[in-house]
1. Consider the stretch 252-269. How many of its residues are in contact (Cβ under 8 Å) with a residue 24 or more places away in the chain and open to solvent by less than 40 Å² (accessible area, probe 1.4 Å)?
2. Go through (1) over 24 Å from LEU154 (Cα atoms); (2) open to solvent by 10 Å² or more (accessible area, probe 1.4 Å) one by one and return the number of the condition VAL74 breaks.
3. With respect to LEU120, is the statement that it is buried (at least 20 other Cβ atoms within 10 Å of the Cβ) and in the same structural domain as PHE60 (by the TED database) true?
4. Return the residue satisfying two criteria in turn: it lies in the stretch 97-116 and is part of a helix (DSSP H, G or I), hydrophobic (A, V, I, L, M, F, W, C) and open to solvent by 20 Å² or more (accessible area, probe 1.4 Å), and of such residues it is farthest from VAL74 (Cα to Cα).
5. Test of understanding: among SER274, SER296, which residue is out of contact with any Pro (no Cβ under 8 Å at 6 or more places or on another chain) and at pLDDT 90 or above?
Amino acid sequence: MAAAAADASAEAAAIARRLASCNAGTRERTVRYLLSDFLPASAPRLSAGDLLKLWKGLFFCFWHADKPLYQSSVATRLASAVSAAPSPADGAAFLAAYLTTLRREWAHIDVHRLDKFYLLNRRFLHHAFLLLSSNSFAPDVTSQIVSILSDKALLPEADNVAAGTSRGLGYHVAEAFLDELLPVLPVSLQTMDALLAPFFTVLEKSSDRVMISKVKAGIFDRFLENGNQLLEKVKKGEEVEKDSAEEKLGKVGLLFGFSKRFLDIGAKTETVQSNRKVVFGLRDAFVKVEKGLELSGVEIPVPKFEATEVQAVPDADCSMDLCEDKAEKKKKKAKKAALAKGDKEGAKALKREKKVKKEKKEKKEKKKKKADVVEGRDAADQNIDAHAEDQQMGDGTDGITLDGTFLSNLQKQFEKAAAEDGMVNGGCSSSASPATPVNGKVAKKRKRSKSVDRLSEASDGDDGSEGNLLIQDGEKSGKKVRFSMKNNIVWKPHNPLPPQCLRLPPSATPRGSALKKGVQPGPIKETPTPLKKAKPKAKSAKKVLKKKPSSAVKRLRKLQSFSA
């Protein structure tokens, strides 16, 4: 027997070294061997020290697990060693080694790996409750698991090994306790009393304010909230969803007798003084709920344990996004494999898809080109119509007629300005059509030439009009200038000037006060800019000495005069 225990201890140390290996394949093979062969056969012969060695390697094995799906799979498989242990004692020992190791290493877990260790902790709580459910919540097994949770996580001050270490593990156990307990509920009120015993002890003995708030919010506030909701629905005659958290936790909150339990804790002399306010606040809240149940006259059945099969968490706990990504990767791999094997049909289908996409792209480009050409033509036609309207307005009777001498003077001025700008006489007319390229294709300048031709034809009928003058000027220069003389020079009577009072600048007319009515505007006073006074220059020290000699100098001069 001793030899078998020694062999198991040596093999556990070797397995721990392989679990902490840098090679992912080595770690995976070692995890499979540990869970399928070594633990079922050697668990009774392993001591607490051997389990701690194993968990040192398992911690680093889970530390190196990177992919989310693989992390979930490893966490579920490791936690299943608690519920699938040969005996409840072996499962409890494995859970105790896990909590001791995780509490020791909790302070060294960085923020990037914290989520996967939260997942691992939830999986172990879930499988610990599955172990209790498979044993029908036997009092001895329940007390054993609850004492491990209390000593290793919730109240580490009782454990000399874990004293002084990080308390984050206990905070998370308090938050996740009811979430992982829900699948195995309902249980009897006596079993629930045993399960909640460590949390009552925390309210009584713990001096950690964060732990007190976590226990209050994560455990007792949830019982209170679900009890209120269940009572309101029963009063209104509404149906409560079966196996819901509202039904399971609400019954416990209404029938457990929390108010009496909190009163007893608050009355104890051992209770921490700072915790009494929280305890009596919870007691008052539960008294209201329990009195409401008594006054309503509603009967709620007492929960009892029902042996039902609880589904364990699947190995691959993948979310929708991860599953979709995995499916897309599989499709891509299948396509590559088909092409690598020489699957001609798959290659042809890919070529057809590319060809169809290319044809669609070319059609879209052709449509865009056609639309651009049509828009250009429409814009040219609009310009032609606008110039024709300008000429018609110029020939109308609304404007003031121009004399011949006035027009001739203007023509001379235009010619002079054109000569200064470098325009040469005898140039081609503006109505001349542009030269066409050799290949016969007409460029975009053709639209402009057409519009100029139409303008020249429209202006041929008016002798001495502005259009002819512009054409003559255009013959002297290469530039094509359109100018409506009457619209730009002549003032039309239907656009009268504003009155003179509005044309004056605002500074010319002084205005009165905007706050007081009836105050006449006063005269504008121009205050002269103040001149800076020049500072007197400081007198030099030499001049001061010359003007006012000191008494010692005077005596010296007198002596010199007497001696002389």
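1. Kept after step one, since they are in contact (Cβ under 8 Å) with a residue 24 or more places away in the chain, are these residues of the stretch 252-269: 252-259, 261-262, 265, 268.
Next, only the ones that are open to solvent by less than 40 Å² (accessible area, probe 1.4 Å) stay: 252-254, 256-259, 262, 265.
Final tally of qualifying residues: 9.
2. Evaluating VAL74 over (1) over 24 Å from LEU154 (Cα atoms); (2) open to solvent by 10 Å² or more (accessible area, probe 1.4 Å) leaves (2) as the failure.
3. yes
4. Residues of the stretch 97-116 part of a helix (DSSP H, G or I): 97-108, 114-116.
Pick out the ones that are also hydrophobic (A, V, I, L, M, F, W, C) and you get 97, 99, 102, 106-107, 114.
Then drop every residue that is not open to solvent by 20 Å² or more (accessible area, probe 1.4 Å), which leaves 106-107, 114.
Details: TRP106: 19, ALA107: 22, LEU114: 15 Å.
If we take residues in the stretch 97-116 being part of a helix (DSSP H, G or I), hydrophobic (A, V, I, L, M, F, W, C) and open to solvent by 20 Å² or more (accessible area, probe 1.4 Å), then ALA107 is farthest from VAL74 (Cα to Cα).
5. The unique qualifying residue is SER274.
The values are calculated or read from the model by the stated rules, or taken from the named source; none is laboratory data. Being a predicted model, the structure only gives us computed values, none of them experimental. Quick reminder, even Gly has a Cβ in these numbers, built from the backbone with ideal geometry, and neighbours come from all protein chains shown. Heads up: the accessible areas ignore ligands, DNA and RNA and are worked out on the full protein's heavy atoms, side chains in. Shrake-Rupley method; radii C 1.70, N 1.55, O 1.52, S 1.80 Å.
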